[in-house]
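All remarks here apply to the structure that follows.
The values are calculated or read from the model by the stated rules, or taken from the named source; none is laboratory data. Source: prediction; values computed, not measured. In this analysis, Cβ positions are derived from the backbone assuming ideal geometry, glycine residues included, and neighbour counts consider all displayed protein chains.
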Amino acid sequence: MKAVLLSEHGPVENLYLGETETPEPGPRQIRIKVAATALNRADLLQREGKYPAPAGESPILGLEIAGTVDKLGPGSTRWQPGQRVFGLLAGGGYAEYALIDENLAWPIPETWSFVEAAAIPEAFLTAYQSLVWIAKVKATEKVLVHAGASGVGSAAIQLLKALGADIAVTASASKHDLCHKLGADLCIDYHQNDFVQACQDWGNGKGVVVVLDFLGAQYWQKNLDVLDVDGRLVILALMGGAKITESNLSHILRKRLMIQGSTLRNRSLDYKIKLAQDFWAFAEPLFANKSFKPVIDQILPWTEVQAAHQRMEQNLNAGKIVLSID
């Protein structure tokens, strides 16, 4: 089969379209003829050699796919060849064929395109895990989402709106209209404004109860500053660095803060299945009535994968970048 491969870890120029062995489905797996996949920050890190695939998983990039069932593995009974499905992977999405556990696949509604479906799994499952399973956000709580126009950020805004939370986001000014349309109450241009002061003004001096963060060290102290008593900080990435040279930890004790890091890719299969089932039971009617929708920045043919990676590296995307596979 054709797949996007790496000559070696490094810059986007090391990505190329080549030939590799077509995978065979194992027990409870199905093989998908992939029509579309979508980019995630994890893909960029894996390309650079900083985020290897979990043991036993495909080393090919790509964490989400949409396509048609091509072949069933031993004991697989949930799907039939030809059915349209989408879902979450631990790797292998940038390819003509990919394997997925039958319980991690969802049916693609008749009105959806493959492109729309491919833009959903990683962003929405990450947002749901972070805000519902970990932070346990409640109605009327004030929540700050960093990178509000990213794939996860745009999903988080929609999810928080459905939960009845009050939503603040950080994003560059050019992306504020999108965030407001999705449901954000307060948009903060992090290039021009201090998000701590903006949130404290918004919260009548109390700041926010939950912060969803992707920056790590760069925002560490400010995140502690902006959180109110019994606040929760969920860290999903370290785009702003992993090492803190100086910090005032008193806020953690005085405010009784809960701080948790989280990933999704290296979770157990049983965990992912439970998360996927829980999310889809919650979200399916919201997708049906269009309360939830994937936010798509660009659709590119997979032959332009280098340009897609460059766009994400430069933080130009608002929403998901999707690769259409021939």
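Every residue, every condition in (1) in the same structural domain as Val234 (by TED's automatic domain parsing); (2) on the phi > 0 side of the Ramachandran plot, yes or no:
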| site | (1), (2) |
| --- | --- |
| Pro74 | no, no |
| Ala127 | yes, no |
| Ser130 | yes, no |
| Thr140 | yes, yes |
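Could you say whether any residue in the stretch 88-96 is over 15 Å from the mean Cα position of the chain (by Cα), surrounded by fewer than 22 Cβ atoms within 10 Å (Cβ to Cβ) and either among the basic types (Lys, Arg) or at pLDDT 95 or above (or both)? It would help to see each step written out before you state the result.
Within the stretch 88-96, the first condition is being over 15 Å from the mean Cα position of the chain (by Cα), and the residues that meet it are 92, 94-96.
Narrowing further to those that are surrounded by fewer than 22 Cβ atoms within 10 Å (Cβ to Cβ): 96.
Narrowing further to those that are either among the basic types (Lys, Arg) or at pLDDT 95 or above (or both): 96.
Checked the stretch 88-96: at least one residue is over 15 Å from the mean Cα position of the chain (by Cα), surrounded by fewer than 22 Cβ atoms within 10 Å (Cβ to Cβ) and either among the basic types (Lys, Arg) or at pLDDT 95 or above (or both).
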Here the residues within the stretch 40-73 that are touching a strand residue (DSSP E or B) at 6+ places or on another chain (Cβ under 9 Å) and not in a loop (DSSP other than H, G, I, E, B) are Gln46, Arg47, Glu64, Ile65, Ala66, Gly67, Thr68, Val69, Asp70, Lys71, Leu72
Is it fair to say Val85 is out of contact with any Cys (no Cβ under 7 Å at 6 or more places or on another chain), part of a helix (DSSP H, G or I) and at negative phi? no
Take the residues in the stretch 27-40 that are out of contact with any helix residue (DSSP H, G or I) (no Cβ under 7 Å at 6 or more places or on another chain) and surrounded by 14 or more Cβ atoms within 10 Å (Cβ to Cβ); name whichever of them is farthest from Phe114 (Cα to Cα). Arg31
Listed by first then second residue, the pairs whose first member lies in the stretch 184-213 and is touching a residue at least 24 places away in the same chain (Cβ under 8 Å), whose partner is aromatic (Phe, Trp, Tyr) and part of a helix (DSSP H, G or I), with beta carbons under 7 Å and at least 6 positions apart or on separate chains, are Asp213/Tyr219
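Working carefully through the options Gln277, Gln221, Gln306, find the one that is within 30 Å of Pro11 (Cα to Cα) and part of a helix (DSSP H, G or I). Outline the logic, then answer.
Numbers: Gln277 fails: within 30 Å of Pro11 (Cα to Cα); Gln221 fails: within 30 Å of Pro11 (Cα to Cα).
From the options Gln277, Gln221, Gln306, the qualifying one is Gln306.
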How do the helices (runs of 4 or more DSSP H) wholly within the stretch 108-178 filter down when requiring 2 or more residues that are modelled with pLDDT under 95: which remain? none
Consider Gly207 against the criteria (1) in contact with a Cys (Cβ under 8 Å, 6 or more places away or on another chain); (2) closer than 23 Å to Lys320 by Cβ; (3) of a type in the set (Gly, Ala, Ser): it satisfies all of them except one. Which criterion is unmet? (2)
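Consider Ile30 carefully, then state whether it is assigned to a strand (DSSP E or B), aliphatic (A, V, I, L, M) and under 27 Å from Tyr271 (Cβ atoms).
Details: assigned to a strand (DSSP E or B): yes; aliphatic (A, V, I, L, M): yes; under 27 Å from Tyr271 (Cβ atoms): yes.
Considered against the rule, which asks whether it is assigned to a strand (DSSP E or B), aliphatic (A, V, I, L, M) and under 27 Å from Tyr271 (Cβ atoms), Ile30 comes out as yes.
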